[in-house]
1. Starting from 0.36 nm per residue, how many nanometres of slack lie between Lys393 and Val845 once their C-alpha separation is accounted for?
2. At 0.36 nm per residue, and after removing the present C-alpha to C-alpha distance, how many nm does the segment from Asp58 to Glu594 gain when stretched out fully?
3. Please report, to two decimal places, log10 I(q)/I(0) for segment 634-750 at q = 0.11, 0.23 Å⁻¹ as given by the Debye formula with identical point scatterers on the Cα atoms and no solvent.
4. Rounded, prolate or oblate: pick one for segment 776-860, where a ≥ b ≥ c are the square roots of the eigenvalues of its C-alpha gyration tensor, a/c under 1.5 means rounded, and failing that, prolate if a/b is larger than b/c, else oblate.
5. Over what distance in Å are the Cα centres of segment 719-737 and segment 31-103 separated?
6. Among [x] 34.5, 138; [y] 37.8, 144; [z] 30.2, 105, find the value of Rg and Dmax of the Cα atoms in Å that was calculated from the structure presented, and write down its label.
7. Would you calculate the separation in nanometres between label points at Leu874 and Ser618, each defined as 7 Å from the Cα along the Cα-to-beta-carbon direction?
8. Could you work out how far apart the two model spin labels at Asn857 and Glu925 are, taking each label as a point 7 Å from the Cα in the direction of the beta carbon, and quote it in nm?
Amino acid sequence: MQSKRLAAPLSLLILAACMVNVGVAEKVDYENDIAPILEDRCIYCHGEDEQESGLRLDSRPHMLRGGDSGLPALVPGHPEKSYVMNVIQHLDEDMAMPPDDDQLAAEEIELISRWISEGAVWPGQMDAVLKLESDHWAFQPVVRPEIPVIPETNDRAKTETQQPVDAFLRSRLAEEGLDYSDPAEPRWLIRRLAIVLTGLPPTPEESETFVRDFSAQGDVAYEQAVDRLLQSPHFGERWAQHWLDVIRWSETNGSEANLYRKNAWVYRDYVVRSFNEDKPYDQFVQEQIAGDSMGAGEATGYLVAGPHVPAATVGREPTAIRQARADRMDEIMQTVGASVMGVTVGCARCHNHKFDPVTIQDYYSMTAVFQDVEFGSRHPEFSEDHPLRKRGKELWQQIQTQREKLRDDGGWEEDWGAYRELHFPATTTTAVRIRFKTPNLGLDELEVLGPHGLNRNLADAREGTRVTGFPEEGTDGRNPIERINDGEFGTMAWRTKLDAKDEERPWVQFDFQGPQTINRLRLSNNREYFYDTDYLNKKPFLPKYQFDMDIMQEDGTWQPWTGTWAVGEKLLKKNPERKQIIADIQGLIDQLSEEGPQPSFVGRFVEPVETRVLLRGSPESPHDEVMPAAPEIFAGDLGLDSTAPGPKRRREFAKWLTSPDNPLTARVMVNRVWHHVFGSGIVPTTSDFGRAGAPPTHPELLDWLADEFISPADGETPAWSVKPLLRMLVMSSAFRQSSLPNEQGLQQDAGSALLWRFPPRRMEAEVIRDSILMASGSIDLRIGGRSYRIHNEKATYAQWEVVNNHGSETWRRMLYQERMRRVDDQIFTAFDFPDCGQVRAKRPVSTTPLQALNLMNSDFVLEQSDRIAERALLESNDDLDLAIDRCFELLLGRSSTEFERSACRNMARDGELALVCRALINSNELAFLP
């Protein structure tokens, strides 16, 4: 018995001793335990001489940084977060290391795991840090260089040395033994200037006036012409087009359905207005990223300018939903990276950037900045002086005046397209119950609103309101009632499908946190779809559900309050005059939806969620969480964590982006302006300033312009101002020189990159089309507003078809033509008009037979040629020679020669002057910038 009594304590002592031995086990020693494994199995491929996948395992700092995957190979204290453990355990077959069947022994893997758990102690390297650095020119601070001093050989050279742009250019030309060409003829100079600044050629009368004034006043006349064109309202249209190209702005989604983006044009108008007002570029950028908190809500259309796949196309598979969301975030990254930063940040989505110091952590930190942005529509936050807001205010006052006529008599119902709104006498209650009269429902949201906080949904679950009802699980248990007050509009709805023979009908009850004063209900079944798209032959359906509403009284009993029948048939029978008042309200609502603020595809906002690095870009492989930040190489720490609200994240990022210390933003913009003035940027790859891009032809000039853009030397010019920058460029002798070639220049610089002449180039599709309309006198020069339509109304998954690309309703500037992805307008798409699927900071230039065919035989050209011919004959009193000369003036900006008139007389016999016009339209002279 005694021995039995001793057995248990003895076993405990033995177990305790074992535990003590485990507890005091020696720590893993790097030199003796880990180094031999790495040297024997890893360093050959991941050492100082060779680093497969960009990974080095011969130093602790390199392991902390990781390789091309962007994930740290080593996270001290956390083997589960250390990517080296993933690969040596062969958890991922594609990244199993060592490869094939040569896996480390289990004991070695366990040893490395313990070493990491214990802090990855590596003697001599515990304080070593691997900084992300780059010696690439574009990532260095902007430093203002000295303006070169060049010999003043004549009066013209003396003038040029006083103009910084010419001083830099002529200094570089002198190194090659080159110099500027002769000045351009005044007639071609004014044409060049007008097209570069406004996209419209001068009228013949404007050209003649300039030629006369230039002959008498010289540079003074030119300077006056520059200032006049910079102040033209058409300046903003021209430069907006350039910006829309680079951000891929379009009025359709792309993807399979290619749905129309409703009222996306308000963003285009914002860009036009910004350039016309010469809004400082830093403010312009900030508003596009955080305009919802800056009184420029429409500006955030920039963030959703790229293509996307709508939710209805994605479906309900969770993995597909996650992948589509990741793809949409990548579209934002592409837009921001290409347009403002000039860095291909999207290359870091799956791994560290192959060429530039942008890591995968940088990429996902940037996506964290925009985590509250979703592709879709919302009511933009307009400033008080915005024209749409001012007009909307007038219409709202009229609606309220009409509503006051109805309030004393009971309720009424309004159709707002996206939702129905039932008005009723205000009451205060703690709960409401809505009893529907139909067995089948589909509601994405049911809102309860009051007179205080006009758009505050008191039924929203985020207000603490509890929802109950029948059937709670919805149809087939997949459409639960919780969706009716989750604050999300769209296809995720509460759906019911009951047997019509059953007595019980669907009902919903909202219990508020406390007493609430209410006076309206809003019901919708797919409000997001209505807000987001348009021009479908099957419109989003908004059923008129019949229901009654009860309110909870203080004693806990229900009191019938109102219903659709009560505010409809009953009151109309009692007060028939209400019918006209309600009709007037409905008319004003329809007018407001066209002339006032309206839901527009400029992005909607959601609650930010945590952002994690996605291994190889897959949402199914999330790793460590990252905080909202800009790239580390550019000192991009924004001081934010995961609790920061979305607007603050975007505001802080916008401030970083437009900081004078940011080495990229000013360089990229001045280079882009240079590109559109001279035909090629100082950096030819205008949206890629990284190592894979082209080097600058004039690096000192680029930095001088960037610094001048941010901090003008005269102390009077506004900082970040585009118009003064443009004025400087077009006032230069480089811009004003002839485009004619010379043998020496062609031999040494065939592409005219050094600007020994003004480089001639083909004009864009918009300029060609607008010039033709100008010549016929048909062009409608109204600024802004809804795009003119050339396409059909379509079924959801059908394709767009061009139905009218030449009628009088299309005679506005081409900027205002519906801009559709993956759709050929059947005339000017042939002239390299971008399809908006890819960033087009620099349009390609092609020459194809289709271009000539379109300019000879399209309905548009045939129609406009007739009109030009009629105009020329009318203005020439039917004198054929004068009419021919007038056609040359209208289309080419110059008079015809005797030889040309003779040839055209033969062409125009039997009154076919329109054939002459078609030939001139098809000439290189019309299509090229002189």
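Any read-out appearing in this document is the output of simple, stated calculations on the displayed coordinates, not a laboratory observation. Everything numeric in this text was worked out from a predicted model, so none of it was measured. Positions of Cβ are backbone-derived with ideal geometry, glycine not excepted, and every protein chain shown enters the neighbour counts.
1. Going from the current span to full extension adds 158.1 nm.
2. Length difference between fully extended and current span is 186.3 nm.
3. -0.49, -1.33
4. Rounded, since a/c falls under 1.5.
5. 54 Å
6. Checking each listed value against the structure points to [x].
7. A separation of 6.8 nm, rounded to one decimal place.
8. 2.6 nm
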